[in-house]
Each structure stands twice: as C-alpha cells, then as structure tokens.
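Written out below as structure tokens is the structure these notes cover.
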Amino acid sequence: MRTLPTLVALAALIVLPACSKRIEPPGDRGTCYHVQPTKDGLKYNPLPSAQPDLEHCAAALEAMRIRFLNMGGNQTDIAGAYQGNFLFLVPAGIYTSTSWEGNRFLALVRSGDGRLVIPGAMPMAPAG
C-alpha cells in the first residue's frame, strides 16, 4: 500500500516541472527582436537598429508588419521581444507579457485611423 502514494508523489515531481516551464524573452538592452515560432522553439531575429524603449520597438515591429503586408504577405499577427518582454501585435493593438505562455497585458491600442496609442489617450466621443 505504501508504494502507490510514493509512485503518485514521484509522478507529480516529474510532471509538474514540465508543466511550469516558461519561455522567457532575451533581456538584451535596446535590442528589438522579431520572434518567429518554429518546430524547435522560438527564433529571435534582431531588428537592424537599437530601440530606446518598448514603444519604439513596437512601432518598428508594426512598420515591419505593414511592409510585409504591402509586399503581399497575409500574416496579420506577429510577435517580438524587447528587454525581457514579449510583444504580440494583433489587429486590436499590442499586448505584452514576460513569458511566451503567460498572461498578456494591453500596452497600445489602435486609434480610429490605425495609429498605435496608449490606452485612454484618445478622447471619448461625446454621447448623444
């Protein structure tokens, strides 16, 4: 009877670390990456110029996304990384997370004309 609880405990010790593995982005200062998921994990492609902050990295990734769409591409969602944060560019805006599989938080939204702005920066239209 003692072997069953021992086996269950050992199985939990083996399985739990596998479930909790987090993929974290690189923390290189000023380097903005385009992140490409592959069958072997994530591939980090650095953008050619350094970026001073997360918002500039997001803008550089957005410019890259638009260039690809203008060249006939169809990928509307792309990912990037900047100083320990993943960036997820989607039609609604840009989300960030400190891990690939973690919770994502809204960083920038699209204005009515498509620009990226800080949430709450655009005035609300008057009711009526």
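The values are calculated or read from the model by the stated rules, or taken from the named source; none is laboratory data. Remember, predicted model here, so these are calculated numbers, not experimental data. Glycine gets a Cβ as well: all are built from the backbone with ideal geometry, and neighbour counts include every protein chain shown. The accessibility values were calculated without ligands, DNA or RNA, using every heavy atom of the protein model including side chains. Shrake-Rupley method; radii C 1.70, N 1.55, O 1.52, S 1.80 Å.
Just a few scattered comments:
- Near pairs, Cβ below 8 angstrom, 6+ apart or cross-chain, from region 73-94 (touching a residue at least 60 places away in the same chain (Cβ under 8 Å) and closer than 14 Å to residue 37 by Cβ) to any residue that is open to solvent by 40 Å² or more (accessible area, probe 1.4 Å) and aromatic (Phe, Trp, Tyr): 86/100
- Qualifying residues in region 32-65 (those that are among the charged types (D, E, K, R) and touching a residue at least 40 places away in the same chain (Cβ under 8 Å)) - the one surrounded by the fewest Cβ atoms within 10 Å (Cβ to Cβ): 55
- Region 95-114: number of residues that are assigned to a loop (DSSP other than H, G, I, E, B) and either touching a residue at least 24 places away in the same chain (Cβ under 8 Å) or surrounded by fewer than 13 Cβ atoms within 10 Å (Cβ to Cβ) (or both): 10
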